[in-house]
Amino acid sequence: MARLLATFLLIVCSTAAQAQVNILTSIKPLQLIAQAIQGEQGQAQVLLPPGASPHSFSLRPSDRKRLAEAELFYWIGPDMENFLTALAKQHQQASIAIQSLPNLQLLYYTAEHEDEEDDHEHHDEHDHHHQPGGLDTHLWLSIPNALVIAERMATDLSRLDAQHAPVYQNNLAAFQQRLKTLDNELAQQLAEVQDKNFFVFHEAFNYFEQAYGLQHGGVLAINAEVQPGARHLQQMRKRLEQAGPSCIFTEPPAPPRLAFSLSKDLPIQLQEVDVLGVQAQNYEQLLQGLANQLKQCLSSL
């Protein structure tokens, strides 16, 4: 009997030691960073399905249940995922708003489009749009920011699963080294196209552009989900005409009808670029894929 009891306790203790920390992230880029740190100790999950907009997703009861069960929940924050604000407050012990982490290198939208934004159709307070002075929430497209996020995730995992803390720290160190190498490779790859003209459907690439010396010449839709007004469309058509051979970068799942109409009869190519890494298997693939998509179009000009 004593031997059976000892065996039972050994099984229970072993199971507890192998328990995985339940990590949930709002969007895939954060899930890719979390998985790099968690490694073989678990499988980080993502809340939003592929193709869903982080600006206006509607939570299902099953989504609320997943969030309630998460031991760690990472989201960008209320400036991007307004629909998560109330739920995140209910789970403050487990929820980490990435935009509030110290040491991030954050960008803010300038007043360049202030007059143009007034010309857009009305949208309610839950829509995501780029107010002058507002935070650019696409912060995962910066390698220094990804490293800040990874460091916080390693700290959180080490706290909840102290037994595997050395594993998480080793995973962090390996991730840091891979991103240092990738950063150098991307800088070399994109140096060749720094002088090329391009426009963006939605102002989502600022962090990546700043890191690698790129600069878009205009934004087709200040709000990715709201049709621009006539004045803005006229201004953009004029800019496109003056730019000569150029690229317009659009994002899935936004339909490129506006891009097609504005670039009609002009020497402009359209290229879809995935900033959420829908097809990426890891964070490095997300950034490398973005660089490949940008260069593919720009190098052909």
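The values are calculated or read from the model by the stated rules, or taken from the named source; none is laboratory data. From a predicted model like this one, the values you see are computed outputs, not experimental measurements. Counting neighbours? That spans all protein chains shown, and the Cβs are built from the backbone with ideal geometry, glycine included.
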So Ala259 passes all but one of these: (1) of a type in the set (Gly, Ala, Ser); (2) outside any helix (DSSP H, G or I); (3) modelled with pLDDT under 95. Which condition number does it fail? (2)
Restricting attention to the range 55-77, which residues are part of a loop (DSSP other than H, G, I, E, B) and at pLDDT below 95? His55, Ser56, Phe57, Ser58, Leu59, Arg60
Pick from the range 76-96 the residues that are touching a strand residue (DSSP E or B) at 6+ places or on another chain (Cβ under 6 Å) and not hydroxyl-bearing (Ser, Thr, Tyr): which of them is surrounded by the most Cβ atoms within 10 Å (Cβ to Cβ)? Glu81
Testing His202 on (1) buried (at least 16 other Cβ atoms within 10 Å of the Cβ); (2) outside the structural domain of Gln93 (by TED's automatic domain parsing); (3) more than 25 Å from the chain's Cα centre (by Cα), one condition comes back false. Which one is that? (3)
The residue from Pro252, Pro245 that alone is out of contact with any Cys (no Cβ under 6 Å at 6 or more places or on another chain), surrounded by fewer than 17 Cβ atoms within 10 Å (Cβ to Cβ) and modelled with pLDDT of 95 or more is Pro245
Is there a residue in the range 186-196 that is part of a helix (DSSP H, G or I) and not aliphatic (A, V, I, L, M)? yes
Selected residue [surrounded by 16 or more Cβ atoms within 10 Å (Cβ to Cβ) and touching a Cys at 6+ places or on another chain (Cβ under 8 Å)] from Leu298, Leu276, Leu240, Leu214: Leu298
